[in-house]
Amino acid sequence: MSAPGGRHAAVERPERPPGRPVDIGDPGRAAATVVPRPDGRFPFHNDIVADAARVPGPAGGELHLLAASVRGLSHLYYGKVRQDAFGHLVTRDGRWLVAAVADGVSAGSHSHVAAEIVTRLGCRLLVEQLDDRPAAELDWRAVLDGVGGEIVRHARQRLGLVDSTLPDVAGRLAATALFAVVAVDPAETGDRPVHVMSLGDTSAWVLRPGAPPAWDPLQAVKNDGSVVASAATMALPGVPVELAPPVTTSLTPGEALVLMSDGVGDPLGGGTGEVGEYLAGAWREPPDPFTFIAQVGFRRRTYDDDRTVLAVWPVQ
Amino acid sequence: MGEDRAKLLPFYLVIDMSYSMEGENLQAANDIMPALADAIAENPIIGDKVRFGLVDFADDAQVLLPLCDLLDPDITLPGLMTRGGTSYAAAFRLMRKQIEHDVLQLKADNYSVHRPAMFFLSDGAPTDHDHDWRSAFHELTHYDRQTGTGFAMYPNVIPFGVANADPRTMQSLIHPADGVKQMRMFVMDEGNKPAVAIRAMAEILISSVLNSGMGMATGSSGIALPDPDQLPGGVSSHTADEDFL
């Protein structure tokens, strides 16, 4: 502390309001009292990661992308690493944005690695395929098999699970997978085609403007109609024999494509409550990235899972 | 579907208040709830999610504390009193009714509800007919996922046996008895003092509740029982298929 007129007196500090967390409903006692603990096993795995970019297309179109992944309250409290991940990549011809969100299965000690493999390798495999085939003809099984194979290889070569079976590997590292392929330039109609493939409970939505704005799910809503809630989910490296077909939709200016982990999807539910209302208002247009991170990390009682959102807005 | 206000983990303690529980045992039983409330207050992650209910039974069964947030400052923890025989049937029938009521109410209030867990503490053999309490237990726990028949909200049942509770009877109350989510029972070692065992059961109950918060952070969606090698002294843990007698 220096006295008035001391050597710091001349330094003028710009007034900036302190960053304030976003509360939706009751934030819960944990939000105010949890002391964040590091995960000493993985000191270089960050708590919060975020991206902001405007992706230009060859025909003059543009997509505005924001992404944030935030370690959840529960992982902060128990000193466990963030297990969600996101990734994005543009095809060589600039025509397609490939985006991914993955949620590492909590039971696995290295599931955050699985989530990173899913988002990074998954995006790379999709971009390679898009070099020589149309987005509507993507071989999704090859992408999922490729990612699943890499997770198994990682377990065998890096984690010492030498002769491990698939269930052994999945017990150590596994992650859900959600991929979206979005046209950067609009078609003549003004729409941009979107192709989405999902395995597990990471979810894709189109946020449509209106009064009120609507959250349009591109898959069945988790636990909808179930008597008691379940946390079971499908995850790579396991690829089901019967794969749900990819969902194809389109994105028009004013809409947003929103990919999210269940840390956001669970409190969002069907999108018609206060979480849906708040986020729809917040993301009618792309906010600045710092605000976006706070919005993704909104506080709501008992919703203490990792949070990840990757959102894409067509630029008019 | 709209959205949920919060996701909750319901726990029930169902406790035998037959006359044989009088004295030291009763004191130990009365100490369970305050100790649990203190433990929950220390863990904000689980404190936000846990709902706890207390039911006692003798010749009949009664709800002493409806499912509630133990950290709610308006809650008064009830005192237990002994009052008669040992009707397991009355306890199971009341729990069937109570769980259905509680889960439906929570869902109507827009909560997401995980499968309830029920700790069942008894110090003696049931005084009602074998057939009677077994059929009441079946109604509480039977559910066929394929056909959707039975009780979809069935609880996970963790029996705690002290004093003269019959280990074989207690073993038949473990639910689910097998599968990936199989439960276990905890029984007093022969020669141990019942009051000491009840205090050990309280420890097990509290660590199970707290572990379930950690469990949710590490993948499981419900109750996480303590490892057999981490039990307090004087009690042991067994699965439904263990031939330990």
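The values are calculated or read from the model by the stated rules, or taken from the named source; none is laboratory data. The structure displayed is predicted, hence computed values, not measured ones. Positions of Cβ are backbone-derived with ideal geometry, glycine not excepted, and every protein chain shown enters the neighbour counts.
The figures follow:
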item	result
Any hit, the stretch A:169-184, residues being touching a residue at least 24 places away in the same chain (Cβ under 8 Å) and surrounded by fewer than 15 Cβ atoms within 10 Å (Cβ to Cβ)	no
Residue in the stretch A:289-302 that is over 23 Å from A:Phe86 (Cα atoms) and within 14 Å of another protein chain (Cβ to nearest Cβ) present	yes
Meets criteria (surrounded by fewer than 18 Cβ atoms within 10 Å (Cβ to Cβ) and among the hydrophobic types (A, V, I, L, M, F, W, C)) for B:Ala35	yes
Test: residue in the stretch B:177-194 that is assigned to a helix (DSSP H, G or I) and at pLDDT below 95	yes
Within the stretch A:81-95, considering residues that are surrounded by fewer than 24 Cβ atoms within 10 Å (Cβ to Cβ) and part of a loop (DSSP other than H, G, I, E, B), the one nearest to the chain's Cα centre (by Cα)	A:Val81
Close pairs (7 angstrom Cβ cut-off, 6 or more residues apart or separate chains): more than 27 Å from A:Gly210 (Cα to Cα) in the stretch A:235-254, assigned to a loop (DSSP other than H, G, I, E, B) anywhere	A:Ala235/A:Val105; A:Ala235/A:Ala174; A:Ala235/A:Thr176; A:Ala235/A:Gly200; A:Leu236/A:Ala174; A:Pro237/A:Ala174; A:Pro240/A:Met234
Looking only at the stretch A:253-281, and only at residues there that are more than 10 Å from chain B (Cβ to nearest Cβ), surrounded by 15 or more Cβ atoms within 10 Å (Cβ to Cβ) and more than 17 Å from the chain's Cα centre (by Cα), the one that is farthest from A:Asp139 (Cα to Cα)	A:Tyr278
Among the residues listed as A:Ala32, A:Ala59, A:Ala52, the single one being of a type outside the set (Ser, Thr, Tyr), surrounded by fewer than 19 Cβ atoms within 10 Å (Cβ to Cβ), more than 21 Å from the chain's Cα centre (by Cα) and under 30 Å from A:Pro253 (Cα atoms)	A:Ala59
Test: residue in the stretch A:138-148 that is of a type in the set (Gly, Ala, Ser), touching a strand residue (DSSP E or B) at 6+ places or on another chain (Cβ under 6 Å) and crowded, with 24+ Cβ neighbours inside 10 Å	yes
Search result, residues across the stretch B:51-95 that are surrounded by fewer than 19 Cβ atoms within 10 Å (Cβ to Cβ), closer than 15 Å to B:Val14 by Cβ, within 15 Å of the chain's Cα centre (by Cα) and not aliphatic (A, V, I, L, M)	B:Gln62, B:Pro66
The listed residue being within 14 Å of chain A (Cβ to nearest Cβ) and not hydroxyl-bearing (Ser, Thr, Tyr), out of B:Ala152, B:Ala202	B:Ala152
Output for the stretch A:35-49, where each listed residue is within 14 Å of chain B (Cβ to nearest Cβ) and either hydroxyl-bearing (Ser, Thr, Tyr) or buried (at least 16 other Cβ atoms within 10 Å of the Cβ) (or both)	A:Asp39
Residue tally, condition more than 16 Å from the chain's Cα centre (by Cα) and either crowded, with 24+ Cβ neighbours inside 10 Å or away from chain B (no Cβ under 14 Å) (or both), over the stretch A:70-79	3
Number of the condition not met by B:Ala240 [criteria: (1) in contact (Cβ under 8 Å) with a residue 24 or more places away in the chain; (2) under 24 Å from B:Gly53 (Cβ atoms); (3) in contact with a helix residue (DSSP H, G or I) (Cβ under 7 Å, 6 or more places away or on another chain)]	(2)
Wholly enclosed helices (runs of 4 or more DSSP H) of the stretch B:1-114 bearing at least 2 residues more than 14 Å from every other protein chain (Cβ to nearest Cβ) and touching a helix residue (DSSP H, G or I) at 6+ places or on another chain (Cβ under 7 Å)	B:24-30, B:32-42, B:88-108
Among the residues listed as A:Pro167, A:Pro213, the single one being within 14 Å of chain B (Cβ to nearest Cβ) and at pLDDT below 95	A:Pro167
Of all residues in the stretch B:209-237 being more than 24 Å from A:Ala174 (Cβ to Cβ) and under 16 Å from the mean Cα position of the chain (by Cα), the one that is modelled with the highest pLDDT	B:Ser237
Of the criteria (1) in contact with a strand residue (DSSP E or B) (Cβ under 6 Å, 6 or more places away or on another chain); (2) at pLDDT 95 or above, which one B:Leu8 fails	(2)
Pair list, Cβ < 9 Å and 6+ apart or interchain, from the stretch B:135-151 residues that are touching a residue at least 24 places away in the same chain (Cβ under 8 Å) to residues that are among the polar types (S, T, N, Q)	B:Phe137/B:Ser172; B:Phe151/B:Thr141
Meets criteria (closer than 16 Å to B:Val55 by Cα and away from chain A (no Cβ under 14 Å)) for B:Pro167	no
